[in-house]
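The values are calculated or read from the model by the stated rules, or taken from the named source; none is laboratory data. Because the structure is predicted, anything quoted here is derived from the model rather than measured. Here the Cβ is made from the backbone with ideal geometry for all residues, glycine too, and neighbour counts use every protein chain on show. SASA here: full protein model, heavy atoms, side chains in, ligands and nucleic acids out. Shrake-Rupley method; radii C 1.70, N 1.55, O 1.52, S 1.80 Å.
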Amino acid sequence: MAKDLDVNESGPPAARDYKDPPPAPFFDMEELRKWPLYRAVIAEFVATLLFLYVSILTVIGYKAQTDATAGGVDCGGVGILGIAWAFGGMIFVLVYCTAGISGGHINPAVTVGLFLARKVSLVRTVLYIVAQCLGAICGCGFVKAFQSSYYTRYGGGANELADGYNKGTGLGAEIIGTFVLVYTVFSATDPKRNARDSHVPVLAPLPIGFAVFMVHLATIPITGTGINPARSFGAAVIYNNEKAWDDQWIFWVGPMIGAAAAAFYHQFILRAAAIKALGSFGSFGSFRSFA
Amino acid sequence: MAKDVEAVPGEGFQTRDYQDPPPAPFIDGAELKKWSFYRAVIAEFVATLLFLYITVLTVIGYKIQSDTDAGGVDCGGVGILGIAWAFGGMIFILVYCTAGISGGHINPAVTFGLFLARKVSLPRALLYIIAQCLGAICGVGFVKAFQSSYYTRYGGGANSLADGYSTGTGLAAEIIGTFVLVYTVFSATDPKRSARDSHVPVLAPLPIGFAVFMVHLATIPITGTGINPARSFGAAVIYNKSKPWDDHWIFWVGPFIGAAIAAFYHQFVLRASGSKSLGSFRSAANV
């Protein structure tokens, strides 16, 4: 990686080798009239549906195959490692497929993080989150429809705080886990990096998928790993169990805080947008450098 | 990810930064006379042969090593996760190797989906499917030839519905699983994406391999995961027991339905061919 040499140039900013896109407007009525927005929403819905279907099916299948009372055997399924792969791998595949269509969020926390960074409009944010939650419900609904008894018997793939962990621990795990994911998303989509590293966009989904995989390895014992409010919401709706609902707030508050922290860290510390903005007022005010 | 900003040019399509290839003719007599056509068929045969040999050998090996009645141990072998890796990893490697020669289908469902999207001609689709099925038979035949007793004892790697699952569940699992795979194939080969994302075609096989890996993780407990009619067919032919044959229709009907849905979704929703066609009739502006 080329080191980021921030040369203090007195010349015009036109010499910069990258270009930040302008902040997305909060309300963009123009995009509401165009097909690409609705195609993006459909893509988010389908992607989240497939994500939940494959990953929850993997969870239920693993539990069925290792249930000694029902003909299963020790080490019979894909293992917890396989479950982590299912989540991380599906995010990689689906982000890859939908990146050019909707940006490949598949996660309300990612959408909120990008909204806070002014990369998506408010309208798009709301529509994406609704589509993601509906897709998650449908994905889990498919799993339940196809194997109802197994689904109910083996916990429905719902996120719950495991015994022995307090709510603070669960919340902390969700905050930091989502920070890792959203921070990776910001790094993967950074225009500065795109210009300097001969960035190959097709590779962006890979670290995002691996980030999900890593966080699952770490926090499956604590909460079953949410870090995706739509995933937790979809499973809670279909499983409809009291404990899943009692703990549901952890899987919205935690990821949203983590996403906000990641947005702040990337925009104001790594990209130093605020410092540059202050600088443009404090000195060289007459040049009006738009950092 | 750059947002898909679709600038609508005032006239014509000249400003578009990508070019869709024309639909493949149904019958292309010219390609039948070229060596590259037969080379592609041979490549599909060899790729499917290797795919089945490695994957079924992994399945049999795992079952041997975890069979406590025959000297194996609990948790022996590569595990179900290892089997899923074998399938996904081999697809990645083989698609990588044959992408430039035959398009790297290695799966009748993929060939069928691409045919529906008019990306391959009918003779090519038929010959690919025949080559894939023959390659699958030979691949599994190698496994049986090299370890006949183990092969027969441990189920021959054949796909059949597991106990406790209904036929509808198995069919649905095959449909959705194949949808995931073929949808990923369409995304990986989309010419629009190739033009805009500085797409490196050599990397397309990776998400395709991962899609196969993911679907295997999810549906091995249900059907042993077909999502590839040639794979199911090859194992059924060599193993030749009644239960795999009884369930065999699931592994053709399911994948073909899933491929058709993926073709429709990609062509008419994501690429909006239908809407654009309607638009071109409705307004003289040729949007």
Within segment B:60-77, considering residues that are among the charged types (D, E, K, R) and touching a residue at least 40 places away in the same chain (Cβ under 8 Å), the one most open to solvent (accessible area, probe 1.4 Å): B:LYS63
Residue satisfying all of: in segment A:26-43; of a type in the set (A, V, I, L, M, F, W, C) and part of a helix (DSSP H, G or I); farthest from the other protein chains (Cβ to nearest Cβ) among these: A:MET29
Qualifying residue in segment A:159-167 (condition: closer than 21 Å to A:LEU50 by Cβ, in contact (Cβ under 8 Å) with a residue 12 or more places away in the chain and out of contact with any Leu (no Cβ under 9 Å at 6 or more places or on another chain)): yes
Residue satisfying all of: in segment A:142-154; open to solvent by less than 20 Å² (accessible area, probe 1.4 Å) and not hydroxyl-bearing (Ser, Thr, Tyr); nearest to A:PHE45 (Cα to Cα) among these: A:VAL143
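Which of the following residues is open to solvent by 10 Å² or more (accessible area, probe 1.4 Å), away from every other protein chain (no Cβ under 13 Å) and in a helix (DSSP H, G or I): A:ILE129, A:ILE80, A:ILE101?
On the way: A:ILE80 fails: away from every other protein chain (no Cβ under 13 Å); A:ILE101 fails: away from every other protein chain (no Cβ under 13 Å).
Within the list A:ILE129, A:ILE80, A:ILE101, the selection yields A:ILE129.
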Near pairs, Cβ below 9 angstrom, 6+ apart or cross-chain, from segment B:16-39 (open to solvent by less than 50 Å² (accessible area, probe 1.4 Å) and charged (D, E, K, R)) to any residue that is part of a loop (DSSP other than H, G, I, E, B) and modelled with pLDDT of 80 or more: B:ASP28/B:SER121; B:GLU31/B:SER121
The one condition in (1) assigned to a helix (DSSP H, G or I); (2) more than 9 Å from chain B (Cβ to nearest Cβ); (3) buried (at least 23 other Cβ atoms within 10 Å of the Cβ) that A:LEU57 fails to fulfil: (2)
Filtered residues of segment B:111-126 (kept if among the aliphatic types (A, V, I, L, M), without any contact (Cβ under 8 Å) to a residue 24 or more places away in the chain and open to solvent by less than 60 Å² (accessible area, probe 1.4 Å)): B:ALA125
Selection within segment B:140-194 - over 21 Å from the mean Cα position of the chain (by Cα), of a type in the set (A, V, I, L, M, F, W, C) and within 29 Å of A:ASP67 (Cβ to Cβ): B:ALA162
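Every residue, every condition in (1) surrounded by 13 or more Cβ atoms within 10 Å (Cβ to Cβ); (2) at pLDDT 85 or above, yes or no:
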position	(1), (2)
A:ALA230	yes, yes
A:ALA235	yes, yes
A:ILE238	yes, yes
A:GLU242	no, no
A:PHE251	yes, yes
A:ALA263	yes, yes
A:ALA272	yes, no
A:GLY279	yes, no
A:PHE290	no, no
Residue list for segment B:143-196, filter: modelled with pLDDT of 90 or more and of a type in the set (D, E, K, R): B:LYS144, B:GLU174
Flag for A:GLY89 being facing chain B (nearest Cβ under 7 Å), more than 17 Å from A:CYS140 (Cα to Cα), surrounded by 24 or more Cβ atoms within 10 Å (Cβ to Cβ) and without any contact (Cβ under 8 Å) to a residue 40 or more places away in the chain: no
